[in-house]
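Report on the following structure.
Every number here is computed from the coordinates shown, using simple stated rules; none is lab data. Everything quoted here is computed from the prediction, not taken from an experiment. Neighbour counts run over all protein chains shown; Cβ positions are idealised from the backbone, glycine included.
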Amino acid sequence: GAVVSQHPSWVICKSGTSVKIECRSLDFQATTMFWYRQFPKQSLMLMATSNEGSKATYEQGVEKDKFLINHASLTLSTLTVTSAHPEDSSFYICSASPFSGNTIYFGEGSWLTVV
Amino acid sequence: AQTVTQSQPEMSVQEAETVTLSCTYDTSESDYYLFWYKQPPSRQMILVIRQEAYKQQNATENRFSVNFQKAAKSFSLKISDSQLGDAAMYFCAYRSRRSNFGNEKLTFGTGTRLTIIP
């Protein structure tokens, strides 16, 4: 079946550096992908909607200059956390749906730890 | 904006028994989707069941069934014959049907942590 893959699953970076997380749809094209953040013992919070070929739409309160989203192709969206701080440490997860489908697929998620 | 409320932060049930998780939502739309997702410790989001608002019949998937009350905006999940593998966080989610399916975001509730007692 269709799969959405995220990479890396785990990443540790130093404060002040940037880190990139990839979200790929492996066997379908997705014009839209979604990026969520999940704090411990909390729900998934939508950060932004990634649109292929255009700018991402960010939710209120999410810093677009800090969380850079690029959706350069119909199968790949990337989330770059710039100038990372320890408070950016979290679980990040993406989702995507085939354009004409009716199923939502989630990536495996990525754990980010900023030290 | 749509909101999803799960009023039970934690629930527990004896193995082989039945448990019902509650979910209410608020929307002004008439056509939408509702979902229950399971998130085990691995954090992978697993679809449990889906309901389309225009369908009156309650969705069922093996031991999982829903009680969809559109007028009351209620969408509860019943798990029958609970198994140890059912232990997880359960999230109720809403998705609009205004446009193409792929373009609509999910709005999640706060989740219910389900514990299965052996």
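Tell me, what is the FRET efficiency for residue A:64 and residue B:30 to the nearest 0.05, using R0 = 25 angstrom and their Cβ-Cβ distance as r? Approximately 0.15, to the nearest 0.05. Among residues other than residue A:25 with Cβ under 15 Å from its Cβ, the summed charge is -3 (Lys and Arg +1, Asp and Glu -1). With a 10 Å cut-off around each Cβ of B:30-43, the average count of Cβ atoms from other chains is 2. If you take every DSSP beta bridge fully contained in the protein assembly as shown, what fraction is antiparallel? Give it as a percent rounded to 5. Of the beta bridges lying entirely in the protein assembly as shown, close to 90 percent run antiparallel. Taking each residue as 0.36 nm, the span from residue A:102 to residue A:51 lengthens on full extension beyond its C-alpha to C-alpha distance by 16.6 nm. For the range B:52-63, the Karplus equation 6.51 cos²θ - 1.76 cosθ + 1.60, evaluated at θ = phi - 60°, returns couplings of 9, 4, 7, 8, 6, 6, 5, 6, 9, 9, 6, 7 Hz by residue, with Gly and Pro reported as x.
Net length available on complete extension from residue A:10 to residue A:82 is 24.2 nm, with 0.36 nm assigned per residue and the Cα-Cα distance removed.
The distance between label points at residue A:22 and residue B:115 comes to 4.1 nm (points 7 Å beyond Cα on the Cα→Cβ vector). Positive end of the dipole of the protein assembly as shown (Cβ unit charges, origin at the Cα centre): among B:60, A:42, B:9, the Cα lying farthest that way belongs to A:42.
Amide hydrogen proximity for residue A:89: with H placed 1.01 Å from N in the peptide plane, the residues at 5 or more positions away or on another chain lying under 5 Å are A:114. Structural size metrics of chain A, computed from C-alpha coordinates, are Rg and Dmax of 13.4, 42 Å. Other residues with beta-carbon under 15 Å from the beta-carbon of residue B:32 carry, at +1 per Lys or Arg and -1 per Asp or Glu, a net charge of +3. Determine the sum of side-chain charges near residue B:10: Lys and Arg each +1, Asp and Glu each -1, restricted to other residues whose C-beta is under 11 angstrom from that of residue B:10. Once positives and negatives cancel, what remains is +2. Looking only at other chains, what is the average number of their beta-carbon atoms within 10 angstrom of each beta-carbon in B:103-114? Mean inter-chain Cβ contacts per residue within 10 Å come to 4. Sequence-ordered 3J(HN,Hα) estimates for the range A:62-72 from the Karplus curve with 6.51, -1.76 and 1.60 and θ = phi - 60° stand at 8, 7, 5, 7, 8, 10, 8, 10, 10, 10, 6 Hz, glycine and proline given as x. Over chain B, Cα pairs under 8 Å with separation of 6+ residues give a relative contact order of 37 percent. In order along the range A:40-54, the Karplus-derived 3J(HN,Hα) couplings, from 6.51 cos²θ - 1.76 cosθ + 1.60 at θ = phi - 60°, round to x, 6, 10, 7, 7, 10, 5, 8, 6, 9, 9, 10, 4, x, 8 Hz, and Gly and Pro are given as x. Given a Förster radius of 22 Å and the C-beta distance between residue B:71 and residue B:14 as r, what FRET efficiency does 1/(1 + (r/R0)^6) yield to the nearest 0.05? Here the calculated transfer efficiency is 0.10.
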